Amino acid sequence: MKKKSLQEDIVDVCLRRGIIFPSAEIYNGPSGFYEFGPVGESIRQNIIQLWQEAFVNAENNVYEISGSTILPENVFEASGHLESFNDPLTQCEGCKSMFRADHIIEEQVGINVDGKSLAELFDIIKEKNIVCNTCKGVLTMPREFNMMFSTTIGPVSDKTGYLRPETAQNIFLNFRRISHSMRAKLPFGVAQIGKAYRNEISPRNFLIRLREFEQMEIEMFVDPDEINNHTYWDDIKDFEVRILTREAQQKNGKPKKMTLEQGITDKIIHNQYMAYYMFKESLFVQDLGISEDQFWFRHLLENQTAHYSKANYDLEIQFPFGIVECIGLAYRTDYDLIKHAEKSKTNMQINVPGKGNIVPHVIEPSFGLNRLVYAVLLNSYISEGREWTWFKFPKSIAPWEALITPLMKKDGMDETAENLYWDLKDQGIDAIYDNSGNIGKRYARNDEVGVPFCITVDYDTLKDETVTIRDRDTTEQIRVSMDEVGSIIRELILEIITWEEIKEETEVLNENTE
RNA sequence: GCCUACGUAGUAUAGUGGUGAGUAUCGGGGCCUCCCACGCCUCAGACCUGGGUUCAAAUCCCGGCGUAGGCACCA
């Protein structure tokens, strides 16, 4: 009689309807890995496409690349990941709890132990009598736990490679090639969509914390002197965002609504480029169907900011069971380019006319694709009002645009519907065909994966070449001619016309009165 | 990694130291049906994994893997 959680319901429908599967499920695969099924993959592709349109195609200075996921060790020596992703863990001999050695020392005796070796940490633990937080037990010698997956490169080589823990490094590594080959001038951005890997200690919560995940990132290279001189500033400065300020977090308060300009003036938003991406991220998240009262930007506290970053704002989305952080926005300064310049002895400067060579600074919006997919699933999921659950995906994200189906499999309706299906596919409609079971079952099945429209061939079609279109969100139906149905679906999907508008113009029938 | 609970068809569940492992739903095929998981027939489908105890283990014990929650860790 246990009431199932929302997450369990979503996982259930993901499995049944081909959206998301656990990896290597038949071997009880390790946790933290999930794969997209046919329906989920379609949703994923659609989200990627929306992102590319907004963040790459809509700009005139953003270039997209695709980098290697395995990179040699020196990359991560330079980037700091070998050091800072390397946590010294110590374990209690009594209760087996794990702690970060540096954290527990700092917590119990307030000493900063940055840069100490494992042996030195252990000495301090013994000397200062540091004990287990939970049971006061004795702590073991700390050992390294690195969150990066390592591998070897080449057949007999002892050359170490790592699966990248973030996509960003490829962009820094290719900085010179890109700026030269594209004749790029500051400011310009490099975008990348790809996998990243982190060997999390305990993956949890379905798609929230994964060991293999996908990021959509931009590194925006900017002249630091121009960081408060964004080209579109006048157009966006009055845009309102909600920010959970550092002050509000201390007071356990609520996000504050402010214009971007006010955020800059009050020194809450670090610079105009970050403000610009807050603007862009806000629009994007709303395109995914998430309303503005459901998300905000959290200004990370200083001790939560990553080793490379000067300022961070996480876009967090509120759901019934909690908060999901989906998009990071970081000011990485010139940290990465300088580190790689030093380590590789490569010039990472770019020429700025009238100024000479400089190392640009970097603003990085970083989108967690898997988390966004999850956010979309959670946000679109509806379990009330019908005998089945359904997804009210935005039309541009839904796995298919329309179902084509005959009312019944007889009297030629089947063949007519199938011909219409091929016709619509030729017209570029992302259509799916189904003639099994009965009509109600088919509507329900398609609601369940969030297909926005169902086109039904019925007896009238055979007489006068009209079909009905059923709207997923209202279950209302209209009747239109077969010749027009493709273009009408196209206009509905692109939101050139709304359902309400088209209802005015056509015959509405069979209103569902349950 | 620790603690607690759990693991039976795709999903949800019943059940017992010796069973033909039951039911519902989904799925496939067929029938019926002029619009929202109708009904009928039919087929297919399961005891997480490895070891131990036992004449006998899906059932009891231990380990592993996985899931949920809590701790810790992490963004």
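For the cross-link pairs A:LYS395/A:LYS503; A:LYS185/A:LYS339; A:LYS392/A:LYS463; A:LYS195/A:LYS280; A:LYS267/A:LYS343, the ones whose C-alpha atoms lie over 27 Å apart are A:LYS392/A:LYS463; A:LYS267/A:LYS343. Model label sites at A:ASP460 and A:ALA58, defined 7 Å from Cα along the beta-carbon direction, differ in position by 3.9 nm.
Cβ-Cβ distance of A:LYS425 and A:ASP473, R₀ of 30 Å, FRET efficiency by 1/(1 + (r/R0)^6): the value works out to about 0.80. Tell me whether the stretch A:207-263 comes out rounded, prolate or oblate; compute the Cα gyration tensor, take square roots of the eigenvalues as a ≥ b ≥ c, and use a/c under 1.5 as the rounded threshold. Oblate is the answer for the stretch A:207-263, as a/c is 1.5 or above yet b/c matches or exceeds a/b. Restricting the stretch A:316-383 to GluC sites (Glu not before Pro) that sit in a DSSP loop and have at most 12 other Cβ atoms within 10 Å of their own Cβ leaves nothing. A:LYS257 to A:GLU200: FRET efficiency via 1/(1 + (r/R0)^6), r the Cβ-Cβ distance, R0 30 Å, to the nearest 0.05? Here the calculated transfer efficiency is 0.30.
The protection proxy used here, the mean number of other Cβ atoms lying within 10 Å of each residue, ranks peptides A:406-412, A:278-284 as follows, highest first: A:278-284, A:406-412.
Once the C-beta distance of A:ASN438 and A:TYR232 is scaled by a Förster radius of 60 Å, the resulting FRET efficiency is 0.65 to the nearest 0.05.
Annotation: the antiparallel percentage among DSSP beta bridges lying fully within the stretch A:400-509 is about 60.
Distance between the modelled labels on A:GLU77 and A:GLU418, one decimal in nanometres: 6.5 nm (7 Å Cα→Cβ projection). Identify, among A:GLN286, A:GLN272, A:VAL376, the residue whose Cα sits farthest towards the positive end of the charge dipole of chain A, taking +1 on the Cβ of Lys and Arg and -1 on the Cβ of Asp and Glu, with the dipole about the Cα centre. In chain A, that residue is A:GLN272. Counting only DSSP beta bridges with both residues in chain A, the antiparallel share comes to about 85 percent. Taking the helices alone, chain A has a mean residue ellipticity at 222 nm of -9500 deg cm²/dmol, built from -39,500 (n - 2.57) per DSSP H run of at least 4 residues and averaged over all its residues. With each label modelled as a point 7 angstrom along the Cα→C-beta vector, the A:ASN129-A:THR346 pair spans 5.4 nm.
All of the numbers you see were taken from the coordinates with simple rules; none came from a lab. In this text the structure is predicted, and so the values were computed from the model without any measurement. Cβ coordinates were reconstructed from backbone atoms using ideal geometry, including for glycine residues, and neighbour counts include every protein chain displayed.
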